[in-house]
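Worksheet for the structure shown next.
Read the figures in this text as sums done on the coordinates, not as results from a lab. Everything quoted here is computed from the prediction, not taken from an experiment. Because the Cβ atoms are built from the backbone with ideal geometry, glycine has one as well, and the counts that use them run over all protein chains shown.
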There are 2 protein chains.
Amino acid sequence: MKTLVIVAHPKIDNSTTEQFFYQGAQLVQANWHHLDTLDRINIEHEQQLLLQAQRIIFQFPLYWYQAPASLSQWQTQVLSNQFLNNSLRDKELGIVVTTGLPAKAFQAGGQVGYSLGQLMTPFQALARQAQMQFLPIFPVYQFYYLSEIEQLQLFMDYQRYLSQDFPDSLKNRSQWYLHYLQKQQNRKNATQDLIIQTFTQMTDELNSAQATLDLIKQDEDDTFE
Amino acid sequence: MKTLVIVAHPKIDNSTTEQFFYQGAQLVQANWHHLDTLDRINIEHEQQLLLQAQRIIFQFPLYWYQAPASLSQWQTQVLSNQFLNNSLRDKELGIVVTTGLPAKAFQAGGQVGYSLGQLMTPFQALARQAQMQFLPIFPVYQFYYLSEIEQLQLFMDYQRYLSQDFPDSLKNRSQWYLHYLQKQQNRKNATQDLIIQTFTQMTDELNSAQATLDLIKQDEDDTFE
């Protein structure tokens, strides 16, 4: 899958979060495109980048509950109704949003009072106009407070967000991990082989369990008909 | 009432809508502050303007379902958590948003699919953090298609949005009109006098009718207790 990550961040050099994500984007061969360091916006080139991608990600820190100005500036210059209505259909639009606030702030009665979904409505409207598939938002709350294990989990989740098929089902997830591990195998190493073997076996078992569950559910559905 | 109208519009010279609103803002002595023509943003001066105002209006055309970049740029530079949390409490925040789309586009199933209230969620979150009162959004749909009468109505409604007390009740509205007509009276003119007399009389009658209605309602409430 060809993924374009459009990053809007005025102070990216000071952001360990973005450097962290940059590494993840490299591992899945995503195209990392930082707007704030562009000398000028070449509209045709930007449109080409969009056309070549199957998944487009807007990635940014929350500035007063919105994307930074560099992203809206870019949108104004690069997108036209003509282009949006005709050129991006069936592509996917994802949002990676980082915030210094905790998850619990983004709810009715919380510190912010609104969910990220509500705050990101303009991007949902954009995807709707372009007939793109809007992916579930990928929120990153208080990166600095994450433990090493949590960071590793986030690192893998981010790579999946950039390159795994949606929906984020067990099947799509295990296929992605299998593929990921096989790629790593170039380094040839007995432990890796063992992990892959085990993983494949677990996946088979899970698939078989899933089939059994489906049968049971089918049975129940019949009962209540 | 001291009102500050913060206008974000990259192409204001070509906008008859904004020139139209500029006239209205002058008539109610609002402070018209256009961001895109500022040479540079003097943070202290901008904060002073905010502190001096009782009502603050963000006014802009919709660019990809958001405010133009000049407004978010201004927000990033001028607002700090410190300032927002301590200095704007109990002031009012209003939004005047112009769009080339019709009202019916802004609803589930419509062309946009989302309401202006949903799209403007970031400003509601901003008002909430600052403990400001968020006023009902003042939308301007397809200005070019308005008839002369509709434009006149809009012209008065806009002036009221900038200077009338909220809520927009019959009482607040008639008081505003009375005050407005009296100001115009400087030009001394028999017709004006007559209008004011009639208007005062109508207001009295309406107040009396309202009192009667209140009594009836009171009576009904008692009945259903």
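Report, largest value first, the span of the C-alpha coordinates of the protein assembly as shown along each principal axis, in whole Å.
Here the Cα extents, ordered largest to smallest, are 100, 64, 43 Å.
Assume the label is 7 Å from Cα along Cα to beta carbon: what separations in nm does A:Q151 have to the matching positions in the other copies?
From this label point to the equivalent ones elsewhere in the assembly: 6.2 nm.
Antiparallel DSSP bridges in the protein assembly as shown: what percent, to the nearest 5?
5 percent
Per-residue counts of other Cβ atoms within 10 Å, averaged by peptide: what ranking do you get for A:24-31, A:57-64, highest first?
So the order, starting with the most tightly packed, is A:57-64, A:24-31.
Relative to the compact globular guide of 2.2 N^0.38 Å, what is the alpha carbon radius of gyration of region B:91-162, as a ratio?
In units of the globular-protein estimate, region B:91-162 measures up at 1.22.
Given Cα pairs under 8 Å that are at least 6 residues apart, what percent is the relative contact order of region A:57-143?
Answer for region A:57-143 is 39 percent.
At 7 angstrom along the Cα-to-beta-carbon line, where would the label on B:D219 sit relative to the other copies? Give the distances in nm, shortest first.
So the distances to the same position in the other copies read 6.9 nm.
How well do other chains shield peptide B:126-138, expressed as the mean number of their Cβ atoms within 10 Å of each residue Cβ?
Counting other chains' Cβ atoms within 10 Å and averaging over B:126-138 gives 1.
Shielding by partners for A:115-122, please: the mean number of other protein chain Cβ atoms within 10 Å of each residue's Cβ.
Partner Cβ neighbours, averaged per residue: 5.
May I ask you to evaluate 6.51 cos²θ - 1.76 cosθ + 1.60, the Karplus curve with θ = phi - 60°, for each residue of region B:147-157 and list the ³J(HN,Hα) values in order in whole Hz, giving x for glycine and proline?
For region B:147-157, the Karplus curve yields 6, 4, 5, 5, 5, 5, 4, 4, 4, 6, 4 Hz.
To the nearest whole number, what is the average tally of beta carbon atoms from other chains within 10 Å of the beta carbons of peptide B:71-77?
Per residue, the number of nearby Cβ atoms from other chains is 5 on average.
About the Cα centre of chain B, what is the dipole size in debye to 20, counting +1 per Lys and Arg Cβ and -1 per Asp and Glu Cβ, all else neutral?
For chain B, the charge dipole is close to 740 debye.
Regarding region B:33-134, what's the average projected area of the Cα-atom convex hull, expressed in nm²?
6.7 nm²
Scan chain A for the residue whose Cβ is closest to the axis carrying it onto chain B, then write down that distance in whole angstrom.
Per the Cβ-to-axis criterion, the result reads A:A69, 2.
Could you grab the relative contact order for region A:43-190? Cα pairs under 8 Å, six or more apart, rounded to a whole percent.
22 percent
Rounded to the nearest 5, what % of DSSP beta bridges with both residues in region A:44-123 are antiparallel?
Around 10 percent antiparallel, to the nearest 5.
Would you please calculate the Kirkwood hydrodynamic radius of chain B over all C-alpha pairs and express it in Å, rounded to one decimal?
When all Cα pairs of chain B are included, the Kirkwood radius is 19.7 Å.
Each residue of region A:61-67 in turn: what ³J(HN,Hα) in whole Hz from Karplus with 6.51, -1.76, 1.60 and θ = phi - 60°, glycine and Pro shown as x?
My calculation for region A:61-67 gives x, 6, 10, 6, 6, 9, 6 Hz in order.
Can you list the copy-to-copy distances for B:T198, using a point 7 angstrom from Cα toward Cβ, in nanometres, shortest first?
Those label-point separations list as 9.0 nm.
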